[in-house]
1. Is the range 261-278 home to any residue that is open to solvent by less than 20 Å² (accessible area, probe 1.4 Å), polar (S, T, N, Q), in contact (Cβ under 8 Å) with a residue 24 or more places away in the chain and closer than 25 Å to P383 by Cα?
2. Could you tell me how many of the residues in the range 200-228 are within 11 Å of ligand 1 (Cβ to nearest atom) and not in a helix (DSSP H, G or I)?
3. Is at least one residue of the range 183-192 outside any helix (DSSP H, G or I), assigned by TED's automatic domain parsing to the domain that holds V56 and not acidic (D, E)?
4. When you scan the range 93-120, how many residues do you find that are open to solvent by less than 20 Å² (accessible area, probe 1.4 Å) and at positive phi?
5. Considering every residue within the range 118-125, establish whether at least one is under 28 Å from P41 (Cβ atoms), more than 27 Å from the chain's Cα centre (by Cα), modelled with pLDDT under 90 and assigned to a strand (DSSP E or B).
6. Go through the residues of the range 199-222 one by one and say whether even a single one is within 16 Å of ligand 2 (Cβ to nearest atom) and either at pLDDT 95 or above or of a type in the set (D, E) (or both).
7. Just the residues that are buried (at least 18 other Cβ atoms within 10 Å of the Cβ) and of a type in the set (G, A, S), please, taken from the range 53-79.
8. Got a number for residues in the range 281-310 being in contact with a strand residue (DSSP E or B) (Cβ under 7 Å, 6 or more places away or on another chain), within 22 Å of Q434 (Cα to Cα) and at pLDDT below 90?
Amino acid sequence: MRSLHIQTLTFFIVLISIPVFLGAQAITPEQPTPTAPPYTPPPMQAVREEQAPLRVLVASRLAMLAWKGEGEVRVINAGDGACLYTAQPGELVGIRYNPEGTVCALRRNYADFCEVAGTLRLESEQPVKVWTPTPDTYTAHPAPLYVTPTGNSFSVTREMMLEAYVRSVLPAEMPATFHPQALRAQAVLARTYALSRLGTHAEEGADLCANEHCQMFSLEGRRVAEAEQAVQATRGIVLMDGERLATTYYHATCGGTTENAGYAWGPAYERDYLNGIVDTAKPSAKSTPDIKDLLASQESFCQPSNHYRWVRQYAAAELNALVSRNLVTVTGDPAVHIRQVTGLHIEERSPSGRIATLRVEGDGASVLVYGDAIRWLFGNGTPGPDGLWSTLFELKVERDTYGRLVGVEMRGGGRGHGIGMCQWGAHGRARAGQSYRQILKAYYPGTRLSDEPAK
Ligand SMILES: [Zn+2]
Ligand SMILES: [Zn+2]
């Protein structure tokens, strides 16, 4: 009852606080509605040379929104460049679909005043504060902004040059207290990753989103001197696989070895430079480390990380709840159901020592879970912070005197998928004297930086 009450209360608060000039509450149209022409991402080379901006999605799936500027805000039809309206400083202007959900219109003082057919560009010399209903808040953004009708909702994107984008990503992706050479390595990766994902959110009028689906992007725009120096020192530099951009996945802590991308995510992700490395000063020749030896080692560059070693325990009831809830999602097979787990077995480890295949048994069924999805089985079923910290672990199944499973214990190492650069390892390598170039070549063997000659 308590949670129901809180939900009801929250609902009312949201309704009350919607700017009154918009009138009614949010409309969720059911009919197909006119959408803006699809966004065409800019050419990669032009973005890299800062001849063309990229667009970052800062809000999406909004039933309506509104904005007000600290200065004048010009509302431009992005299609033909016509100015539809000039709002005075502080004047609130909104946009929503009509009750049939077929036409969207600009709105002020309780009334629609201008129909809108496509993407809008908001121009101003001052920041523009955008009000969104979910979450119910104002967020200030530097102009220009784009407002795109996406069929039954709106998205808001920010336009910016690549280096400014990397400056805003870096503090969100790596602590500013990390060594300057590690920050430089991260800046090269952030830049490379952004260029490789231009147009990822074209349906919402954007190149990249602002969360971990693409890269974390700091909306507040706080300036971090260490990050700015790292971006400046690596300006324009990207990581190359021959003549192409390298695929630059990275993670927090590898725990001793990095992962082969194919084992974690499947053959489509295999690359010569993503086969996994041993993250120590003296890599051992052994290709598949013994998991006990590996977890006993304290010699890796990422050893200072809080997640270098970890222990997790699950009682049978917890394990049953996770498996019955998540097994369908992590296997993609709607027919699998296990409510009472009777066994967990490691079927195969990857060359890094991570679990490549986990067998889950119960209710007369036996189901295999592969690679990185093993982490999500112990979270909410999808990638996110809730799952296991890594798939690099020893597994102990505890049974009672009748042989019934009563719990499991995992002793593991590292945090994240383990592919590409280990961020804590990059910090450790930098402190040991490696440059950002050496760091990147260690984690992506066979790649080169774009300002170095191709072999
Ligand atoms: Zn994204
Ligand atoms: Zn590491």
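1. So far as the range 261-278 goes, no, none of its residues is open to solvent by less than 20 Å² (accessible area, probe 1.4 Å), polar (S, T, N, Q), in contact (Cβ under 8 Å) with a residue 24 or more places away in the chain and closer than 25 Å to P383 by Cα.
2. 14
3. no
4. Residues meeting the conditions: 1.
5. no
6. No: zero hits.
7. Listed by number, the residues that qualify are A59, S60, A63, A66, G69, A78.
8. Total satisfying the criteria: 1.
The values are calculated or read from the model by the stated rules, or taken from the named source; none is laboratory data. Fair warning: this is a prediction, and the values are worked out from it, not measured in the lab. So basically every Cβ, Gly included, is an ideal-geometry build from the backbone, and we count neighbours across all protein chains shown. The protein model used for the area step is the full one, side chains on, heavy atoms only, and it has no ligands, DNA or RNA in it. Shrake-Rupley method; radii C 1.70, N 1.55, O 1.52, S 1.80 Å.
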